[in-house]
1. All but one of (1) in a helix (DSSP H, G or I); (2) assigned by TED's automatic domain parsing to the domain that holds Glu169; (3) in contact with a helix residue (DSSP H, G or I) (Cβ under 7 Å, 6 or more places away or on another chain) hold for Ser275, so report the exception by its number.
2. Sort through Ser180, Ser165, Ser186 and tell me the only one that's closer than 10 Å to Ser116 by Cα and either at pLDDT 95 or above or small (Gly, Ala, Ser) (or both).
3. From the list Val267, Val230, Val250, which residue is free of Cβ contacts under 8 Å to residues at least 12 places away in the same chain and either out of contact with any strand residue (DSSP E or B) (no Cβ under 6 Å at 6 or more places or on another chain) or buried (at least 24 other Cβ atoms within 10 Å of the Cβ) (or both)?
4. Look at the stretch 150-171 and say how many of its residues are within 13 Å of the ligand (Cβ to nearest atom) and in a strand (DSSP E or B).
5. Considering every residue within the stretch 79-88, establish whether at least one is away from the ligand (no atom under 16 Å from the Cβ), under 15 Å from the mean Cα position of the chain (by Cα) and within 30 Å of Ala194 (Cβ to Cβ).
6. Looking only at the stretch 209-223, decide whether some residue is within 24 Å of Ser359 (Cβ to Cβ), among the hydroxyl-bearing types (Ser, Thr, Tyr), within 12 Å of the ligand (Cβ to nearest atom) and surrounded by fewer than 24 Cβ atoms within 10 Å (Cβ to Cβ).
7. Quick one: would you say Gly196 is within 27 Å of Gly347 (Cα to Cα) and either modelled with pLDDT under 95 or not assigned by TED's automatic domain parsing to the domain that holds Val250 (or both)?
Amino acid sequence: MAEKDEKSASGALHWRTRLIASAPPVPDGFHSLAPAVHRGSTVVFDRLRDAVDDWRQSERYTYGLYGTPTTLELAARIAALERAHHCFVAPGGQAALALAFLAYCRAGSHVLIPESAYGPTTELGEDLLAGLGIDVERYDPLIGGGIDALIRPETALVWCESPGSITMEVQDVPAIVAASHARGVSVGLDNTYAAGVLFDAFSHGVDVSVQALTKYVGGHSDLLLGTVSVRDEAACARVGRAHRLLGMAVSPDDCALALRGLQTLGVRLAHLEQSTLIVARWLAERPEVANVLHPALPGCPGHSVWARDFTGSASVFSIVFGEDWNAARTTRFVDALRLFKIGFSWGGVTSLVMAYLDSSRLGARRERLVRLNIGLEEPADLIDDLGRSLGCAD
Ligand SMILES: *Cc1c(COP(=O)(O)O)cnc(C)c1O
């Protein structure tokens, strides 16, 4: 090929250069209802003096790691939903938790984590944070204002998760906030159960609210994302710095899926609440079931706090079988289910079941406790599945 034949008639650029040097047009007059997916690592500047490396990105874009229009749109939408000062998006709920802890803790810090916390939160504390010289202490999730007795001069963060994972204790977050703030200590909350809406973290005084968008905002079991939302400028500066230094990149494609999930979050939550209550109340009447750990039912620890502080309940809850149940019966029950799929996570459209036979945290209940997530199937069909499987467990 003769290279000079390939120069364009209109200019001096070689076709191989033109492959690179195209400038995709910003569409004018195309008003779609769907948010655009803006991908990008490098962001180009018109002049050198515009190339300012500012993680806040409030005015302009600097680098894809710190936000594209799509990732920042998701952050802004979550901040608005939670009425937060600012929101940072992380690659998953667990990444968001790590971000929150690393933003607040340094070697020598003391941090309080509830015994009911999401398993990987506890592991993060007892493994990674402990290895960094951070003193992680676990506390009774129902401690309320009694947290005061555990706060030390070096306490950097009081963590809450309400309701707790698997055991569903609803925490008295306002009492914990009051006691912690009186001692000048910030409070963080894993607010995933509430989808950022069923419990108003910031009006209840929380400083940092974490959500696994993987659950209700994504809503379809097809993405992993998390958020850290902050109440004020002080928390924003701390979390923002750590977010940048940890390089918590998120995919604009996943963010676009989360933005789509937000459109149906309201109808899904309302429907899931009703279906879940139908199934939970049916289970509460069953002779095999000793207790239903659902925040809206009286048998759940902290139920009255839920009634005071929450505007609704979600789709995940646990059941505890009677004393006569053991690991073998629980296994037969779980394996017999057909509509309930055996799987981790929750908040999607499919009903899920999980048992925790080896969990030391559950103590004597571990062989008798099963967690359920109710999906969008018809509750009557789910009840049939549960009834048939209870019969198979003997
Ligand atoms: C699932 C979950 C997380 C972690 O979210 P991932 O996106 O799966 O990392 C954190 N907290 C709670 C309460 C969860 O249920």
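The values are calculated or read from the model by the stated rules, or taken from the named source; none is laboratory data. Please read all numbers here as calculations on a predicted model, not as lab measurements. In this analysis, Cβ positions are derived from the backbone assuming ideal geometry, glycine residues included, and neighbour counts consider all displayed protein chains.
1. (2)
2. When all the criteria are applied, what remains is Ser165.
3. Val267
4. 3
5. yes
6. Yes, there is a match, as at least one residue in the stretch 209-223 is within 24 Å of Ser359 (Cβ to Cβ), among the hydroxyl-bearing types (Ser, Thr, Tyr), within 12 Å of the ligand (Cβ to nearest atom) and surrounded by fewer than 24 Cβ atoms within 10 Å (Cβ to Cβ).
7. So Gly196 fits the description; yes.
Conditions tested, residue by residue: (1) part of a helix (DSSP H, G or I); (2) more than 22 Å from the chain's Cα centre (by Cα); (3) of a type outside the set (D, E, K, R).
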residue	(1), (2), (3)
Trp282	yes, yes, yes
Val292	no, yes, yes
Arg308	yes, yes, no
Thr330	yes, yes, yes
Phe333	yes, yes, yes
